[in-house]
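The values are calculated or read from the model by the stated rules, or taken from the named source; none is laboratory data. Please read these numbers as outputs of a predicted model, since none were measured by experiment. Virtual Cβ from ideal backbone geometry, glycine too; neighbours counted across all protein chains shown. Accessible surface is based on the protein model in full, side chains and every heavy atom, while ligands, DNA and RNA are left aside. Shrake-Rupley method; radii C 1.70, N 1.55, O 1.52, S 1.80 Å.
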Amino acid sequence: LGRLHKVKAHDVAIEALAAVPGAYLWIAGSGPLEAELKALAQKHGVADRVRFLGWREDAGALYAAADLCVFPSRFEPLGNVVIQAWAHGLPVIAAASAGPAALIAQGEDGLVVPIDDAPALAEAVRRLLADPALRRSMTEAGKRRVAREFDEASVVAQWRSLFAEMG
């Protein structure tokens with residue numbers, strides 16, 4: 001979900017897809033790399049399994065229809081997609097950029113793979129697709145994280161605490 005830009009590493013996701021038979025990749029967004037990414041999908045022989053969905057306003061519906069969230073960004077200072085995926089009940093696989101690496105408890109509420117490592121990304125996807133129990137446990141752990149740290153009450157409490165310390 002988002003910009004089709006080099007920093008989002010859609011190229012890595014497409015390359016990884018070639019090593020995950022039977023899986024489909026949905027890319028929702030728009031940007032300057034769309035034609036290049038379509039050509040890359042052709043090159044890797046996965047064009048029939050990559051769906052370029054364009055800019056979407058129905059992110060919740062996409063999360064609800066997906067089996068997992070793959071987030072290979074090369075640079076992410078926070079990683080709202082990780083939190084959104086957890087909130088929508090999806091297990092997450094992310095590249096080890098700053099935000100996702102700090103957010104995800106490896107193997108508990110998601111999987112983190114090295115940046116720009118398509119084989120590691122493919123292996124993580126295969127692992128989650130092959131293990132429904134692991135997907136369920138990560139989904140539940142992610143939901144607990146959202147409730148504990150990112151829901152409205154938790155965020156307001158954190159802001160109040162910060163203001164009290166400053167005040």
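Conditions (1) within 19 Å of Ala96 (Cα to Cα); (2) out of contact with any Ser or Thr (no Cβ under 9 Å at 6 or more places or on another chain); (3) of a type outside the set (D, E, K, R), marked per residue:
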| residue | (1), (2), (3) |
| --- | --- |
| Ala122 | yes, yes, yes |
| Arg127 | yes, yes, no |
| Ala147 | no, no, yes |
| Phe150 | no, yes, yes |
| Val155 | no, yes, yes |
| Gly167 | no, yes, yes |
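So, Glu15, is that one among the charged types (D, E, K, R) and in a helix (DSSP H, G or I) or not?
yes
Considering the range 32-87 alone, what residues qualify as being in a loop (DSSP other than H, G, I, E, B), among the acidic types (Asp, Glu) and open to solvent by 50 Å² or more (accessible area, probe 1.4 Å)?
Here is the first cut: in the range 32-87, the ones in a loop (DSSP other than H, G, I, E, B) are 32-33, 44-46, 55-58, 66-68, 72-79.
Checking the rest, the ones that are also among the acidic types (Asp, Glu) come to 57-58, 67, 76.
Once the filter is applied, which keeps residues that are in a loop (DSSP other than H, G, I, E, B), among the acidic types (Asp, Glu) and open to solvent by 50 Å² or more (accessible area, probe 1.4 Å), the range 32-87 yields Glu57, Asp58, Asp67.
Answer yes or no as to whether Ser97 is polar (S, T, N, Q), crowded, with 20+ Cβ neighbours inside 10 Å and out of contact with any helix residue (DSSP H, G or I) (no Cβ under 6 Å at 6 or more places or on another chain).
So Ser97 fits the description; yes.
Just a yes or no: is a residue in the range 52-74 touching a residue at least 40 places away in the same chain (Cβ under 8 Å), out of contact with any Leu (no Cβ under 8 Å at 6 or more places or on another chain) and not hydroxyl-bearing (Ser, Thr, Tyr)?
Yes, the range 52-74 contains at least one residue that is touching a residue at least 40 places away in the same chain (Cβ under 8 Å), out of contact with any Leu (no Cβ under 8 Å at 6 or more places or on another chain) and not hydroxyl-bearing (Ser, Thr, Tyr).
Out of all the residues in the range 110-130, which are open to solvent by less than 60 Å² (accessible area, probe 1.4 Å) and of a type outside the set (A, V, I, L, M)?
Within the range 110-130, Gly110, Asp117 qualify.
Within the range 85-102, does at least one residue satisfy the condition of being more than 13 Å from the chain's Cα centre (by Cα), modelled with pLDDT of 95 or more and not aromatic (Phe, Trp, Tyr)?
yes
Looking at (1) at pLDDT 95 or above; (2) touching a strand residue (DSSP E or B) at 6+ places or on another chain (Cβ under 7 Å), find the lone condition where Gly79 falls short.
Of everything listed in (1) at pLDDT 95 or above; (2) touching a strand residue (DSSP E or B) at 6+ places or on another chain (Cβ under 7 Å), Gly79 misses just condition (1).
Tell me whether the range 95-114 contains one or more residues that are touching a residue at least 60 places away in the same chain (Cβ under 8 Å), touching a Pro at 6+ places or on another chain (Cβ under 9 Å) and not in a strand (DSSP E or B). Explain how you work it out, then say what you get.
Step one: list which residues in the range 95-114 are touching a residue at least 60 places away in the same chain (Cβ under 8 Å), which gives 95.
Going one step further and asking which of them are touching a Pro at 6+ places or on another chain (Cβ under 9 Å), we end up with 95.
Checking which are not in a strand (DSSP E or B) leaves us with none.
Among the residues of the range 95-114, not one is touching a residue at least 60 places away in the same chain (Cβ under 8 Å), touching a Pro at 6+ places or on another chain (Cβ under 9 Å) and not in a strand (DSSP E or B), which makes the answer no.
Aliphatic (A, V, I, L, M) and farther than 22 Å from Arg145 by Cα - does that describe any residue in the range 53-74?
Yes, that holds for at least one residue.
Can you name every residue in the range 145-167 that is in contact with a helix residue (DSSP H, G or I) (Cβ under 7 Å, 6 or more places away or on another chain) and surrounded by 11 or more Cβ atoms within 10 Å (Cβ to Cβ)?
Arg145, Val146, Phe150, Ser154
Exactly one of (1) at negative phi; (2) within 14 Å of the chain's Cα centre (by Cα); (3) touching a residue at least 40 places away in the same chain (Cβ under 8 Å) is unmet by Ile27. Its number?
Answer for Ile27: the failing condition is (3).
Yes or no: Gly79 closer than 21 Å to Phe150 by Cα and in contact (Cβ under 8 Å) with a residue 40 or more places away in the chain? Give the steps one after another, and end with the answer.
Numbers: closer than 21 Å to Phe150 by Cα: yes; in contact (Cβ under 8 Å) with a residue 40 or more places away in the chain: no.
The answer is no for Gly79.
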